[in-house]
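Derivation of every value follows stated rules applied to the coordinates shown; laboratory data play no part. All values reported here derive from a predicted model rather than from experimental measurement. Here Cβ is always computed from backbone atoms with ideal geometry, including for glycine, and neighbour counts include all displayed protein chains.
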Amino acid sequence: MSKKIYLSPSTQENNIGAGSYGTEEKRCNQIADVVEFILESHGVLVYRNKPTMTLTQLVNDSNSKNADIHFAIHTNALNQKARGCEVFCHRKGGEGEKLAKAVYSFVSGITPTTDRGVKEGYNFYGKGKHMYEPCYTKIPAALIEIDFHDNPESAKWIIENIEKIGAAIAKGILNYFGIKYIVPNTESNNIFYRVIVGSYADKDNAEKRVEELKEAGFDSFIAVYKK
């Protein structure tokens, strides 16, 4: 039976990073795309949240999927000076800590600075105020804060290393599952890389952008999906 994971990239669209970082939601979803591709290429079944979900909604969704583990992907902010990776579980001593350590061991190996370790989300915001995802998911869970997006150097490092970070997280998850990492084959003629320019609630705006792209010499089309 294949292993199953609920992947939960940040939904925090209002957290803006330094320089050209953009939003935490955007960058964490880019990283999650890499993680998802690698895990699925190793036979892992990946469930994933939606950017429009609240914390309560995504935790409820995760709990409904009966996955083996829950893993959240975030970037941090503090005082524009802090740097480094840290990974949280709810309490140490269980499978959540084992998952956190597995991922931390790979991600900390690629960061350019000293990292911040594996920590508990228990009472993180004060007595009885726990880090939400590691606490309220019913399965072993961990949450990574990759680096501090409000630090200009860290923000730049994340932007320039999306694939490397995603691969490190995937390797840690595979290590937790006891699955040997094999470099995915992306040289097949059946694989294409499609660039998504944007999403539009208004069809007229979508059609206008398609025409602009075609006039500029770029092949483009509209893909319809429901939330």
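Taking neighbour Cβ counts within 10 Å as the exposure measure, how do Thr113, Thr75, Thr23 sort from fewest upward?
Lowest count first: Thr113, Thr23, Thr75.
For region 80-142, the list of chymotrypsin sites (Phe, Trp or Tyr not before Pro) that fall in a loop by DSSP and count at most 13 other C-beta atoms within 10 angstrom reads Tyr125.
With neighbour counts taken as other beta-carbon atoms within 10 Å, the residues Leu39, Leu99 rank, fewest first, as Leu39, Leu99. Here the Karplus curve 6.51 cos²θ - 1.76 cosθ + 1.60, taken at θ = phi - 60°, turns the phi angles of region 47-58 into couplings of 9, 8, 6, 10, x, 7, 6, 7, 4, 4, 5, 6 Hz, with x standing for Gly and Pro. Region 12-45 and region 109-159 have Cα centres spaced 14 Å apart.
When the GluC sites (Glu not before Pro) in region 122-182 are filtered for DSSP coil states and for at most 10 other beta-carbon atoms within 10 Å of their beta-carbon, no site remains.
List the trypsin sites (Lys or Arg not before Pro) within region 30-110 that DSSP assigns to loop and that have no more than 12 neighbouring Cβ atoms inside 10 Å. Those satisfying the criteria are Lys81.
Please arrange Val183, Val107, Val87, Val34 by counting, for each residue, the other beta carbons lying within 10 Å of its beta carbon, fewest first.
Arranged by neighbour count, lowest to highest, Val183, Val107, Val87, Val34 become Val183, Val34, Val107, Val87.
Based on alpha-carbon atoms, the Kirkwood radius and the radius of gyration of region 4-177 give Rg/Rh equal to 0.93.
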